[in-house]
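Read the figures in this text as sums done on the coordinates, not as results from a lab. Remember, it's a predicted structure, so these values are computed and weren't measured experimentally. Here the Cβ positions follow ideal geometry from the backbone for every residue, glycine too, while neighbour counts run over all protein chains shown.
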C-alpha cells in the first residue's frame with residue numbers, strides 16, 4: 001500500500017496504461033480485467049460456475065431432478081444470460097434457488113415464473129426480505145447515488161474515463177440490454193447453522209456477516225465445495241466510500257467459520273474459483289491474517305493515542321500479505337479499512353479538541369486564501385503544485401478557492417486535472433470511479449444533482465412504510481413550522497394503508513386505524529403513481545388532473561399544500 005501512496009504523490013507515466021475501451025488506468029487494474037473473461041467453469045462433478053457476466057459469479061449445482069442456482073445476479077437480463085450458459089450443460093428444470101446474501105437476488109424471475117413461487121424452493125437468510133424492502137429507506141436517495149458512483153454508472157462507456165473493470169466483476173449493468181428487477185423473496189429462510197437435502201444434494205447453511213448481515217455460506221460436504229461471500233479475491237471494502245461502515249470483526253469471524261470447513265473448492269461470489277485443499281487453506285489464511293492484522297494494528301494505534309489521519313500512516317500490511325494475490329487493493333483500500341474501523345469503533349471525534357467546534361469550511365477557506373495573499377495567489381500555487389505532480393495537494397489547495405467561488409472556471413479546471421491524474425494512478429477502481437465522477441461534474445459533463453432513485457426502485461423494493469420514511473426526511477421545517485396535519489394514503493392496487501403526520505416541523509409515519517388518529521386528508525392511488533410522485537418523475541398537478549389520484553377526504557388544494565412541504569416533490573409543470 002505504501003508503494004501506491006507514493007505513486008499517487010509522485011505519478012509517472014509508467015504507472016498507467018490504456019485499456020481496450022481506451023480507458024487510462026493503473027496498469028495492474030487494467031490487467032486485472034483478464035480474470036473476467038466470460039466463461040463457464042466446471043468445478044467438480046455436478047458443480048459449475050459462470051464468470052464474466054455482471055458483477056458477481058453465479059453457481060449451478062446439478063441436482064437429482066433439476067438445477068440448483070446460487071445467486072441470480074443484478075437483473076433478469078443478466079440471469080437469462082447465466083441460464084443460457086447453464087443450458088449448454090443440462091436441460092433439467094430449476095429445482096431450487098439459493099441466495100448467498102441480498103446483493104445478487106434481482107434476476108430470479110428468469111428462473112421462477114409469476115405464480116410459481118410456491119413450487120420452487122427459494123432459500124435465503126431470514127433478514128434478506130426485510131433488508132431489501134426496508135433497509136436505509138431514509139438515506140436511499142444518497143446511498144443509491146453513491147453506489148452508482150462507486151460502480152461507475154455515471155462514467156462514459158468508452159474513452160479515457162471509462163472503467164476497465166469493477167474489481168469484483170466486469171460490469172454492473174449492460175446498458176445495451178438494460179436491467180429489469182426480478183426479485184422473488186425466499187420461501188424458506190435460515191438464521192442459524194442448518195443442514196438439509198435439496199433435490200438429492202446434502203447442503204449445510206452457515207450464516208455469515210461480511211458486507212451485509214444476511215449472508216449464508218453454502219457448504220456441500222459430499223463435494224468439499226464452499227460457495228461463499230466471505231473471500232472476495234481482492235481486498236475487501238471496509239469503510240466504503242459510498243457510506244457503509246462495517247465491523248471487521250464480523251467478517252473475520254465469518255472467515256474463521258469458513259476455515260473450519262477445510263474446503264477442497266472455494267467458490268466466491270466474487271473472484272476466481274480456488275481448487276485444492278492446500279490452495280484453499282492458503283487463501284483463507286491470508287485473507288484472515290490480512291484483515292486481522294489491520295484490525296489489531298488499528299486498535300493498537302488508537303490505544304497509542306493516534307488520530308484517524310495518523311493511523312493511515314501508522315498501519316501497514318507486512319510485505320508477505322501486501323503481495324498476496326488475494327489481498328490486492330483493486331476494490332477496497334487499506335487506508336479506508338483503517339478509517340472505517342476507526343469510525344466504527346470511536347465515532348467522529350479523534351484526539352484534537354480544535355476539531356470539536358471548528359470554524360465553517362467557508363470561513364476556513366477565506367482565512368487560508370487571505371493568508372496566501374488572495375485568490376489569484378492560491379490559484380498560482382495550485383498550478384505550481386500541479387506542474388510539480390503534487391496532485392493530491394493540488395486538489396486540496398484549489399478546493400479552498402472553490403469553497404469561496406464555486407464557479408471559478410480555472411480553479412475547476414485545475415482541480416479536475418489533479419483528480420484525473422489521481423484517478424489514473426490509483427489501484428482501486430472504486431476510488432477511481434469517485435475521482436472521475438467528480439471530474440465530470442467539475443467539467444460540466446454531468447450534473448452533481450443527477451438522480452439515482454427512480455419509481456422503479458421504489459416499486460421493486462419498498463413497501464409503503466419505507467416509501468413514507470423516504471418522504472418523511474424530506475420535510476422542510478420552515479414550510480411546516482405551524483402545520484399539524486395528517487394525510488392518509490391508500491394504495492388501490494394493494495392492501496397497504498398508512499398515514500404521514502406533520503407536526504410543527506416534524507413528520508411521523510402513523511397508522512390511523514391502530515393509533516386512533518383522525519386523518520385530515522385521505523388520498524388513494526396506485527403504487528406506480530405514488531412512486532413516480534415521490535421521485536419527481538411526475539408532477540402532482542398531472543396526477544390530480546388525470547384522475548390518477550382520488551381525494552377521498554379534503555380537497556385538491558389541501559393535498560397540494562401538504563406535498564408542497566417536502567423536497568423534490570414537483571407540484572406543477574411550471
Worksheet entry | Simple label model, 7 Å out from Cα along Cβ direction - residue 541 to residue 296, nm | 6.6 nm
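What is the Cα convex hull volume of the range 37-290 when expressed per residue in Å³?
Details: hull volume 32.9 nm³, N = 254.
Enclosed volume per residue, from the Cα hull, is 130 Å³.
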Discussion item. Please compute the Kirkwood hydrodynamic radius of the chain from all pairs of different C-alpha atoms, in Å with one decimal.
Written reply: 26.2 Å
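Rounded to two decimals, what is Rg over Rh for the range 75-116 when you use alpha-carbon atoms and the Kirkwood radius?
Numbers: Rg = 10.5 Å, Rh = 11.1 Å.
When Rh is taken as the Kirkwood radius, the ratio is 0.95.
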Worksheet entry | Relative compactness, the range 74-204, computed as alpha-carbon Rg over 2.2 N^0.38 Å | 1.21
Fill in: Ordering of 514-520, 377-383 by packing [mean C-beta count within 10 Å, highest first]
377-383, 514-520
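How much length would be gained if the chain were fully extended between residue 450 and residue 34, taking 0.36 nm per residue of separation minus their Cα-Cα distance, in nm to one decimal? List each step's numbers first, then the result.
Details: separation 416, 0.36 × 416 = 149.76 nm, distance 3.20 nm.
Contour length minus Cα-Cα distance gives 146.6 nm.
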Fill in: Length gained when the stretch residue 503-residue 195 is fully extended (0.36 nm per residue, less Cα-Cα span)
105.8 nm
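I need to check one value: relative contact order of the range 359-442, counting alpha carbon pairs closer than 8 Å and at least 6 residues apart, in percent.
On the way: 88 pairs, mean separation 20.8, N = 84.
Result for the range 359-442 is 25 percent.
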Response to the item:
1/(1 + (r/R0)^6) with r = Cβ-Cβ of residue 494 and residue 473, R0 = 22 Å, i.e. FRET efficiency to nearest 0.05, evaluates to 0.40
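What FRET efficiency comes out for the pair residue 402/residue 557, r = Cβ-Cβ distance, R0 = 60 Å, nearest 0.05? Present the calculation step by step, with values, prior to reporting the outcome.
Numbers: r = 43 Å, r/R0 = 0.71.
The pair residue 402/residue 557 has a calculated efficiency of 0.90.
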Discussion item. Let me make sure I get this right: for the range 359-442, a, b and c are the square roots of the gyration tensor eigenvalues over alpha carbons, sorted descending. Under 1.5 in a/c it's rounded, otherwise prolate if a/b > b/c, else oblate. Which is it?
Written reply: prolate
Item to complete: Inverting the mean 1/r over all pairs of different Cα atoms, compute the Kirkwood radius of the range 423-471 and quote it in Å.
Response: 13.3 Å
Practice prompt. Order the peptides 315-326, 41-52, 76-87 from the highest to the lowest mean number of other Cβ atoms within 10 Å of their residues.
Written response: 76-87, 41-52, 315-326
Worksheet item: In nanometres, what is the gap between the two model label sites at residue 126 and residue 278, each 7 Å from Cα along Cα-to-Cβ?
Response: 4.3 nm
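In deg cm²/dmol, rounded to 500, what helix-only [θ] at 222 nm does the chain give when every DSSP H run of at least 4 residues adds -39500 (n - 2.57) and the total is split over its residues? Walk me through the intermediate numbers first.
Details: 20 runs with 216 residues, N = 574.
Result for the chain, helices only: -11500 deg cm²/dmol.
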Response to the item:
For the pair residue 285 and residue 409, the simple spin-label estimate (label points 7 Å beyond Cα toward Cβ) gives in nm 6.2 nm
Fill in: Semi-axis lengths, Å, the range 112-175, gyration tensor of Cα atoms, sqrt of 5 times eigenvalues
31, 18, 11
Worksheet item: Just how far, in whole angstrom, is the range 55-96 from the range 438-466 if you go by their alpha carbon centroids?
Response: 31 Å
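Once you order the gyration tensor axes a ≥ b ≥ c over the Cα atoms, which shape class does the range 461-563 get: rounded for a/c under 1.5, otherwise prolate or oblate by comparing a/b with b/c?
rounded
Is the shape of the range 378-489 best called rounded, prolate or oblate, per the rule: a/c under 1.5 gives rounded, else a/b larger than b/c gives prolate, else oblate, with a ≥ b ≥ c the square roots of the Cα gyration tensor eigenvalues?
Values: a/c = 3.90, a/b = 2.04, b/c = 1.91.
Prolate, since a/c reaches 1.5 and a/b exceeds b/c.
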Worksheet, complete the sentence: The distance between the Cα centres of the range 172-187 and the range 335-382, in whole Å, is 41 Å
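Work out how much length residue 249 to residue 310 would gain on full extension: take 0.36 nm times their residue separation and subtract the Cα-Cα distance, in nm to one decimal.
Working: separation 61, 0.36 × 61 = 21.96 nm, distance 2.19 nm.
That pair, residue 249 and residue 310, stretches by 19.8 nm at full extension.
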